[in-house]
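K.L.:
Quick one: the structure is below, questions incoming.
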Amino acid sequence: MQKRVQLSRRGILALGASAIAHRAGADNEPFRITMGKSLIEVSLPVAGLDLAPTSLMAWITVAARAVTAYYGKFPTPNASVTVRSIENRAGVLNGATYGGDPPHTRMGVGQHTTKRQLEDDWTMTHEFVHLAFPGMTRQHHWLEEGQATYIEPIARAQIGTLTPERVWGDMMRDMHQGLPGPNDRGLDFTRTWGRTYWGGALYCLMADVGIRERTGNRAGLQQALRGVLAADGNIEYDWSLEEALQTADKAVKVPVMTEVYQQMKDKPFAPNLSELWQGLGVELVDGRIKFRDDAPLAEVRKAITRAQ
């Protein structure tokens, strides 16, 4: 592994008792969030947003809580977040995360964003997930973005800000975007938007289910990635893909992440999603998600969104 010396970009287009947010001085100085042993410094615009700073801090803190719940700790000892206002717009409009000392996340928030829009936002959590995995080469960018796409809703479900029905319903609606199309050459060699974000998420789903099947539901992708983080595999370091997958496999004692990668890396492997949803017991009935607890992988489905 190699310590990062330059910035690299990863991006996308209720406060817990363990999270303490406070002002760090005058109005134009950063706020701070303490998450366990980690410190997150936050710079908010002094003007240009309809929302009060307390709403913005709650939004960032909830995202930090979700990532902390998924990984067992906040991914880096220090991090910083800068929020900028975008005139005459509403909603969370963009985000990007950079390696550095400390790692830094930049978020663009519309001037007229509402508190409800922040509560519904997924982008802040997505960006914090990027902190929890080492830097990859461009060829393996799909794994960085795929993890953030897959883990974000699960992490939010584990702290109770999304329902399991919402998580699985959104996956059922969107995961097909990661399937290979014409002339696909596998995840390592197909750099489309769908294969990068949703193809990477599909890899994570297949690995998660596969690990749980092979370990009797003792472990899943969550435990594999906690193993990577425990070995200092966060955004502050560059690793090879092989090192990351071997570390993850070692953490759960089954080589599933490497095996699924071999299936998907250089050929258009397309799992049958209809059969997978049926096996997990996820059904769309009259426009609503219903769960079947007698499905063969129902316990796997439950474990994925349960607080670990």
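Where a number appears in this text, it was derived from the coordinates with a stated rule and is not lab data. The model shown is predicted, which means the values in this text are computed figures rather than measured ones. No Cβ is skipped: glycine too gets one built from the backbone with ideal geometry, and neighbour counts run over all protein chains shown.
K.L.:
When the dipole is taken about the Cα centre of the chain, and only Lys, Arg (+1) and Asp, Glu (-1) are charged at their Cβ, what size is it in debye, to the nearest 20?
P.N.:
300 debye
K.L.:
Among all the lysines, which ones have a C-alpha under 30 Å from K267's C-alpha, if same-chain residues fewer than 8 places away are not counted?
P.N.:
Here the lysines satisfying the reach criterion relative to K267 are K250, K253.
K.L.:
Follow-up. Once every DSSP H run of n ≥ 4 in the chain is given -39500 (n - 2.57) and the sum is divided by its residues, what mean residue ellipticity at 222 nm do you get, rounded to the nearest 500 deg cm²/dmol?
P.N.:
Rounded to the nearest 500, it is -12000 deg cm²/dmol.
K.L.:
If a/c stays under 1.5 just call it rounded; otherwise compare a/b with b/c (prolate if a/b is bigger, oblate if not). Do that for segment 138-305, with a ≥ b ≥ c from the square roots of the Cα gyration tensor eigenvalues.
P.N.:
Oblate, because a/c is 1.5 or more while a/b does not exceed b/c.
K.L.:
So, one more: Hey, if you put +1 on the Cβ of every Lys and Arg and -1 on every Asp and Glu Cβ in the chain, which of F291, G108, G216 ends up farthest toward the positive end of that dipole?
P.N.:
Towards the positive end, the residue furthest out is G216.
K.L.:
Related question: The chain: D in µm²/s via Stokes-Einstein (Kirkwood Rh, Cα pairs, 10 °C, 1.306 mPa s)?
P.N.:
So the translational diffusion coefficient is about 80 µm²/s.
K.L.:
Another question about this same structure. Measure of size requested: the Rg and Dmax of segment 28-118, with Cα atoms as the atom set and Å as the unit; please supply both.
P.N.:
12.9, 39
K.L.:
Let me ask another. So what are the radius of gyration and Dmax for the Cα set of segment 49-167, in Å?
P.N.:
Radius of gyration, then largest Cα-Cα span, for segment 49-167: 14.1, 41 Å.
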